[in-house]
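In what follows, a single structure is set out as structure tokens and then discussed.
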Amino acid sequence: MKKKMSKGQLVFRLIIAVAVTVIFLGAFLSLLDRFIDGRMQNFSQGWTVSFDGHATADADLYTYRFNRHIRRGDTVILEKNIPLTIGDEMILSFDGRFSACSVKVDGEDIYTYGYDLMQRHIVPGNATHVVLLPTNAAGTRCRVILTAGMDNAFKILPIFYMVPAQNETACYTNQHVITNTIAFILFTLGLVMLVISIILGLMGRHYDLVIAIGWLTFAIGIWTLCNTHLMDMFSCDYVMNTMIEYASLYLSVIPLLTIIYLIRKPGSNIWQKVCVGISYAIVGTFMAFVIVLGIAHLAHPAVFLSLAHVAALVSFVFMFIGTYKKDSSDRPYRIYAAALTILFAGYIFDMVRYYLSDVIRVDSRIMFTSVLPVISFIFIIMMMAAYLMQLDSHYMHSAELEIADQIAFTDVTTGLKNRTYCNHLFEKLEGRPADEKFQIVNFDINDVGKINNSLGRAAGDMLIKDCAVILQKAFAGTGEVIQMGGDEFIAVIYNGKYRDVKNALSRVEKLETQYEFRRKYEIRLSYGAASSNEKEGMTPEAVYQRANERMYAMKKETKYSAY
């Protein structure tokens, strides 16, 4: 017997799994730094940066630090000579965070964004600005002006790249190749899962976990597409793109809380239920607060990012307190638990990276690349694997129960439903409205004992099988045939009429003759029929007994009318 894993061993393995994941992600992001297309030239050294009355010559934009916090309206001026070695048609690309900007080449304005928005008290959006340089730009002076659209709009300067004009899409795609690929996968997968959840709902199946995973996957996919600015390829409304970015990030907390709730299950203690309510209340209150201030143009959603981190962590703590842990021996649950552990470890790692990126400035994109999309992708894959395992276990169990029902309700010799099934059927018929009538026809095979004695037991069994086939054919499309035991059968007709029963009985007599021609014995079935509307308040058992009496009367008299 396989030894059950202790809780300590499980926790240790989860810690090892998280550690390996973090190391892998660190190596992955290091390689990502070297994955940029060679045609994208880093243009971030040697700038003269002017801010707050001070100018810093030959500055490295990776390591430059402001001497105070940025306030709305603050202007930063960056100047540099464009190298003589650039091609004739080049693009200057850089990311702008909540800032208006303008680009001048040799004193001439060639690009501007966001100043009209600031005049209307609208915060400019995050965007990848793609500026086509003049054909004679080589050797001229380039001047970039950044004007903060809100307090703390940026804490570090953007990184500049030179890209050939024919490779304009590289400005959006090549800085985050792997991340954008994962974003498209998450976006597509989320849509598919949302559609599947709708189909499951229409079919009356459980869809709550599917829709929660689909919602989370879709939200993280949208957030990643906006965060890496790939969305800018499809929409130049940078303000709306930024709103979608923060809305999808904040809203993703709700399906994640729901996933925890569905996996761990709500606790029965009243305080646990209160904790679950508090968890959702924290997120709901935060979202309402952000929406009201955003609509009133009193604050941009980005201002509340730190508050969002705190609200999310507190709500997660309350949700874990408000739910109970299932038996860890359940394999799907163990995968669910491991997936949640990896997700939260990655979430904490990403928060630490985000805040450190404002303090530590190195010549590496590790500090600027969120691990959340990769972690979310791993989480979603693990969740889907666990869910499929759970489905497999559920349907295997259902199939076993169905097989057990088949065995319990089926006669082995004839393959017809048996007396146990009949009792179950009578219970259902008893609950039907009085105006929904039904008919029962009882059958008994004549002279089975004589055939057993004269031709042997095998011939008697063959006779019973022949009669089963005859009745199935005769009542096909009319009623359900049940073997009550040995040589006794019944046919149940739902909402049938007199002619339906009469036609079926006529087919029985014709089939008796046809099958008898092939055998060495006679095939004769005595029968009696009764209907639930013959007398008010007749139960299925009463209808059966009346049909049984008429069947035995026919057996005695040889001929008897069914009605």
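The values are calculated or read from the model by the stated rules, or taken from the named source; none is laboratory data. Remember, it's a predicted structure, so these values are computed and weren't measured experimentally. Cβ atoms come from the backbone with ideal geometry, glycine included; neighbour counts cover every protein chain shown. For accessibility, only protein heavy atoms count, side chains too; no ligands or nucleic acids. Shrake-Rupley method; radii C 1.70, N 1.55, O 1.52, S 1.80 Å.
For the reader, a short list of remarks on this structure follows.
- Percent of Cα pairs exceeding the 17 Å cut-off, where the set is the stretch 170-281: 62 percent
- Karplus-derived 3J(HN,Hα), 6.51/-1.76/1.60, for each residue of the stretch 546-555, Hz, glycine and proline x: 5, 5, 5, 4, 5, 5, 5, 5, 5, 4
- Remark: relative contact order (the stretch 105-194) = 29 percent; criterion is Cα-Cα distance under 8 angstrom and separation of 6 or more residues.
- Two-decimal ratio, the stretch 418-548, of alpha-carbon radius of gyration to 2.2 N^0.38 Å: 1.09
- Hydrodynamic radius by Kirkwood, which averages 1/r over all alpha carbon pairs of the stretch 123-181, in angstrom: 14.1 Å
- Each of R499 and T112 was given a label point 7 Å from its Cα along the Cα-to-Cβ line. The distance between the two points is 8.9 nm.
- Segment T85-R457, extension gain: residue separation times 0.36 nm, minus the distance between their alpha carbons: 123.6 nm
- Once the Cα gyration tensor of the stretch 438-479 is diagonalised, semi-axes √(5λ) in Å: 25, 11, 5
- Here the convex hull built on the C-alpha positions of the stretch 269-344 has a volume of 92 cubic angstrom per residue.
- Computed over protein heavy atoms with a 1.4 Å probe, the accessible surface of the stretch 154-238 works out to 43 Å² per residue.
- Near N152, the amide H atoms lying under 5 Å from its own belong to I70, R71, R72; only residues 5 or more places off or on other chains count, and H is placed 1.01 Å from N.
- Cut-off under 5 Å, modelled amide H: who pairs with F98 long-range: N126, A127
- Cross-link pairs K428/K450; K510/K556; K450/K535; K417/K437; K520/K555; K428/K556 - those with Cα-Cα distance over 29 Å: K428/K450; K450/K535; K428/K556
- For Y111, the residues whose amide H sits under 5 Å from its own are V103, ignoring neighbours fewer than 5 places away on the same chain, with H placed 1.01 Å from N.
- Whole-angstrom gap from the stretch 522-558 to the stretch 273-300, using each part's C-alpha centre: 70 Å
- As a rough guide to protection, the peptides 185-195, 110-120 ranked by mean Cβ packing within 10 Å, highest first, stand as 185-195, 110-120.
- Estimated translational diffusion coefficient (Stokes-Einstein, Kirkwood radius over Cα pairs, 10 °C, 1.306 mPa s) of the stretch 241-307: 119 µm² per second.
- Here the Karplus curve 6.51 cos²θ - 1.76 cosθ + 1.60, taken at θ = phi - 60°, turns the phi angles of the stretch 466-479 into couplings of 4, 5, 4, 5, 4, 5, 4, 5, 5, 9, 4, x, 10, x Hz, with x standing for Gly and Pro.
- For the stretch 183-249, the extents of the C-alpha atoms along the principal axes are 42, 18, 14 Å, listed from largest to smallest.
- Calculated on the alpha-carbon coordinates, the convex hull of the stretch 88-154 measures out at 76 cubic angstrom per residue.
- In sequence order, calculated HN-Hα J values of the stretch 271-285 (Karplus, 6.51, -1.76, 1.60; Hz; x Gly/Pro): 5, 5, 5, 5, 4, 4, x, 4, 4, 5, 5, 4, 5, x, 5
- Those trypsin sites (Lys or Arg not before Pro) in the stretch 480-546 that DSSP places in a loop and that have at most 16 other beta carbons within 10 Å: K497, R519, K520, R524, K535
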